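Below: one structure, written as structure tokens.
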Amino acid sequence: MTFTLENTLTTFDYFIEAIENNKDYLSELDTPIGDGDHGYNMARGVKALQDKLEQEAPETVSDVFKIAALGLMGNIGGASGPLYGTAMLEMSKAAKDTQELLNIIEAGLAGIQKRGKAEAGDKTMVDVWDQIITAIKNNETLDESKIDTMVESTKEMKAKKGRASYLGDRSIGHIDPGSMSSGLFFKSLLKAGAL
Amino acid sequence: MTKGIVIVSHVEEIGLGLHKLLQEVAKDVPITVAAGTEDGGIGTSFDKVMAAFSENTADELIAFYDLGSSKMNLEMAIEMHEKEVKMYDASFIEGAYVTAAMLQVDTPIEAIESELNKLKVK
């Protein structure tokens, strides 16, 4: 599976739409274990991303991810800004050398971990990115319900990073909002035919 | 080489308030603030941090932040900006205050660092 300019742009079209449609839900997920603004923050980020994509008319996959990085990192406000921003920036760098989906997503995860220092099992977006990579490596056919399962796997985890970690055991039983928005990103990839 | 301070906070008033406090002991130290989101809400903005680096007239910068995600924005800006910026995990107000007071009297960075190590809370 590879990224093309077309499927990358389509992915972001779907992602922007998905964030917009789910912003209340994402903020609702963020209320018991965070500060209740994840959806609104992400919506602000994807709006900036959309404007930048329209203004700059990218010509390569790497350009699209770079524009996405700059749009998201400056406009989200919470920790998701630098995390998604770094992910997209690392994906942009990787896409200069390869269009291979797995390599580019792995670069994105490495960026998230460099920035946030989270490991798999910490109840963060890393859990979804990590499970997606494992599934691709195992040649599994991904569909929406498998992505849902990955997102829901964070529900029973105890948060070890981010604001939710201050809640300790009380973070158990809630889906991690960053994992949910990451799930929307991978569903967008799926819809665009890239995944 | 002149040294300056950059304050990164989630709340505009906190950033401006700390600036006011530092000015009292460091009237000649260049201090810039990146606080709150682009639209004045709670959070930090990468673009504002980059602007605070650029607008600061000093060549070398010492940065202080309040909470977790401001550290991430700060780290990202340090990687991308051409200026030499050092970030310290010191207590926000005390760290910035001690640094400002010491920069005002041209204390060497090693002596400032040793004070900041005592104030490490993050």
### Message
Need one value for B:65-71: mean number of C-beta atoms belonging to other chains within 10 Å of its residues' C-beta atoms.
### Response
4
### Task
Using a Förster distance of 41 angstrom, determine the FRET efficiency expected from the C-beta separation of A:ASP143 and B:HIS81, and round it to 0.05.
0.45
### Query
How about segment A:55-90: which GluC sites (Glu not before Pro) there lie in a loop by DSSP and see at most 12 other Cβ atoms within 10 Å?
A:GLU59
### Query
Which of the lysines could a cross-linker span from A:LYS117 if the Cα-Cα distance has to be under 21 Å and same-chain partners fewer than 8 positions apart are dropped?
A:LYS93, A:LYS155, A:LYS158, A:LYS160, A:LYS161, B:LYS71, B:LYS86, B:LYS120, B:LYS122
### Task
Per DSSP H run of n ≥ 4, the term is -39500 (n - 2.57); total these for the protein assembly as shown, divide by its residue number, and report the mean residue ellipticity at 222 nm rounded to 500 deg cm²/dmol.
-19500 deg cm²/dmol
### Query
Ranked from highest to lowest mean number of other Cβ atoms within 10 Å per residue, what is the order of the peptides B:20-31, A:97-108, A:183-194?
A:183-194, A:97-108, B:20-31
### Query
Between A:ALA57, A:ALA48, A:ALA164, which gets the highest mean-square fluctuation from a Gaussian network model of chain A, Cα cutoff 10 Å?
A:ALA57
### Summary
For A:LYS137, the lysines lying under 19 Å Cα to Cα, once residues fewer than eight places off in the same chain are dropped, come out as A:LYS146, A:LYS187
### Task
Find the eigenvalues of the gyration tensor of the Cα atoms of chain B, then list the square roots of 5 times those eigenvalues as equivalent ellipsoid semi-axes, largest first, in whole angstrom.
20, 15, 14
### Task
Evaluate peptide B:38-46: per residue, the Cβ atoms of other protein chains within 10 Å of its Cβ; return the mean as an integer.
6
### Query
Mind checking which of A:LYS155, A:LYS96, A:LYS23 has the largest fluctuation in a GNM of chain A, springs on alpha carbons under 10 Å?
A:LYS96
## Note on the structure
By the mean-Cβ-within-10 Å protection proxy, highest first, A:125-135, A:61-71, B:82-92 rank as A:61-71, A:125-135, B:82-92
### Message
Averaged across A:111-117, how many Cβ atoms of other chains sit within 10 Å of each residue's Cβ atom?
### Response
2
### Task
For segment B:67-122, list log₁₀ I(q)/I(0) at each q in 0.15, 0.25 Å⁻¹, using the Debye formula over Cα point scatterers of equal strength and ignoring solvent, two decimals each.
-0.47, -1.06
### Summary
The rounded separation in angstrom of the Cα centers of segment A:22-56 and segment B:75-122 is 33
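Quick check: convex hull over the Cα atoms of segment A:4-130, volume per residue in Å³, rounded to an integer? Working shown, then result.
Working: hull volume 11.6 nm³, N = 127.
Convex hull volume per residue, Cα atoms: 91 Å³.
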### Query
Hey, if you drop one equal point scatterer on each alpha-carbon of the protein assembly as shown and run the Debye formula without solvent, what base-10 log of I(q)/I(0) do you get at q = 0.08, 0.10, 0.13, 0.14 Å⁻¹?
-0.38, -0.58, -0.92, -1.03
### Task
Please report the relative contact order for chain A, taking Cα pairs under 8 Å with a sequence separation of at least 6, and give it as a percent rounded to a whole number.
25
### Query
Per q in 0.14, 0.23 1/Å, what log10 I(q)/I(0) does a Debye calculation on the alpha-carbon atoms of segment A:91-195 return?
-0.53, -1.25
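Only the coordinates and a few stated rules stand behind these numbers; no lab work does. Computed from a prediction, not measured in an experiment: that's the story for all the values here. Note that we place each Cβ from the backbone using ideal geometry, even for glycine, and neighbour counts take in every protein chain shown.
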